[in-house]
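Taken together, the values in this text are just the output of simple stated rules run on the coordinates, not laboratory data. Only a predicted model underlies this, so the values are computations on that prediction, with no experimental measurement involved. Using ideal geometry, Cβ is built from the backbone for each residue, glycine included, and neighbour counts are taken over all protein chains shown.
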Amino acid sequence: MTTQRHLHLNLVANDLNLHQGAREYERAQGVPERSAFERLLEYGAFGDEGLFTALFVGDIPGMQGSPAFDGGPAEPITALTAISQHTEHVGLIATASTTFYDPYNLARLLASLDQVSDGRAGYNAVTSVVDRFALNYSLRQHLDRAARYARADEFLEVLRALWDNREMRRDADGHLRFHAEPIDHRGNHFQVSGPLNIAPSRQQRPLIAQAGGSGPGIEVAAKHAEMVFTNSSTRAGAADYRAALDKALIAQGRAPGSVPAIPGLIPYLGRTAKEAEEKLRELDSHVDWAPLAPMALGQFGIDVPLGDLTEPFPTELLPRPADVEATIKSTFGNYVGLYDWIQERPGVTVREVVAQAVGRGGATHRKFVGTYDDLVEDFAAWHEDGNVGGFNLMFATGSTAIREFIDEVVPRLTARGIYPTTPTDRPLRERFRP
């Protein structure tokens, strides 16, 4: 008998992904102010209640501006270790940079999170992109893309070796003891003897995730990842990405389809389409768009002059992704998502591009505006295609939007038979296996 394949929905627990008007919207709705950590605990509670496969916490390893829009939360591993003690089922995926960390230190930290959460930990490997952040980590300048990915590849090799060369073993005298072996790694970037001195959890090691959008990123993902975050904004784009990832998996001797792709999505919902659209307009009304305009393309290191916000966006000046893949300053997949979104909308205004790129939350990921039933139909269509494993969900207004999703969308998904009805206690790595 074939087991029903369910959608994986990850809950992104970063206030940086809120709509830029979210704080004023919360105030207007009478939502009380909470500290950064109180808001993180809310995400954890929603993760369990909404039967999300995992809680995903991204990381920006430096200050982007003062005052901080996201309230200054704890770094992901620390935050998720605390959240693990307030949750029972939801997976806990922490982001950390392979450029700024040392593999032995990170192996210890993530193994500890995996241990205290009883096998619910995951690691999202990123290479980092912002030049000024490199100066905080004793680097004279940021590494170029090729060097970052070469370091990331070796970094993940060391991490895996440290995690894999240890076990809990019942010895001849009947006692269960922790055993670990040296790895004696000597590479171009790292010299690590080992062994790792943290005992494994029941899943042996954390799940490895990666946001592979560029060619080098897909290669690293195909070699090491067990789940991939993407920026597929259309079903056709998701099919293309699935084909590219499967080709890379085969080249690594892995089975096609064995690594689920999880695109990002930020929903704006209502009982009717008009209600959803009015909600988005209300949020937009709280935003001063002009100061955000330089960030729309500046985040990618692309200099395109933007004039009057009401004028058409200068699409003809926007470089093709293939021409900037090697020089892009931010996530390549995010740029591809924004580029495709602009090309699909002739006559789009500068303000609309700014809203899509930074103002409406969720980076450049797909924004869905519609009814609860419309979203369920959308999810079902993508699920039926079989090119994605689910979605990485970001919510424009935090707790109020997540509450609405759990109350209105989750029951519809379970009734449709594409979402679980009960929580799972399986280790996180097992949950994402086909």
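Annotations for the structure displayed:
- Sorted largest first, the spans of the alpha carbon positions of region 249-313 along the three principal axes are 51, 41, 18 Å.
- Against the chain, whose longest principal axis comes from its Cα atoms, helix 36-49 is set at around 80 degrees.
- Region 151-194-region 250-297 distance, computed between alpha-carbon centres (Å): 39
- Listed options for log10 I(q)/I(0) by the Debye sum over Cα atoms at q = 0.06, 0.09 Å⁻¹ are (i) -0.21, -0.48; (ii) -0.28, -0.64; (iii) -0.24, -0.56. The value calculated from this structure is the one marked (iii).
- Residue-span extension gain [PHE190 to ALA255] - 0.36 nm each, minus C-alpha spacing: 20.5 nm
- Region 325-368: GluC sites (Glu not before Pro) falling in loop per DSSP and having at most 14 other Cβ within 10 Å: GLU344
- Each label point was placed 7 Å from the Cα along the Cα-to-Cβ direction; for GLN29 and HIS86 their separation is 1.9 nm.
- Whole-number D in µm² s⁻¹ for region 12-158, Kirkwood Cα-pair radius fed into Stokes-Einstein, 4 °C, 1.567 mPa s: 78
- On Cα atoms only, tilt of 215-224 relative to the major axis of the chain in degrees: 40
- The value of relative contact order for region 61-128, using C-alpha pairs under 8 Å at least six residues apart, is 37 percent.
- Multiplying the residue separation of ASP373 and ARG320 by 0.36 nm and subtracting their alpha-carbon distance yields 15.5 nm.
- Computed over the alpha-carbon atoms, region 389-434 gives an Rg to Rh ratio of 1.01, Rh here being the Kirkwood radius from the mean inverse distance.
- Stokes-Einstein D for region 318-410, Kirkwood Rh over Cα pairs, 10 °C, 1.306 mPa s (µm²/s): 104
- Mean residue ellipticity, 222 nm, helices only, the chain: the sum of -39500 (n - 2.57) across DSSP H runs of n ≥ 4, divided by residue count and rounded to 500, is -11000 deg cm²/dmol.
- Normalised contact order of the chain, rounded percent, pairs of Cα under 8 Å and 6 or more residues apart: 22
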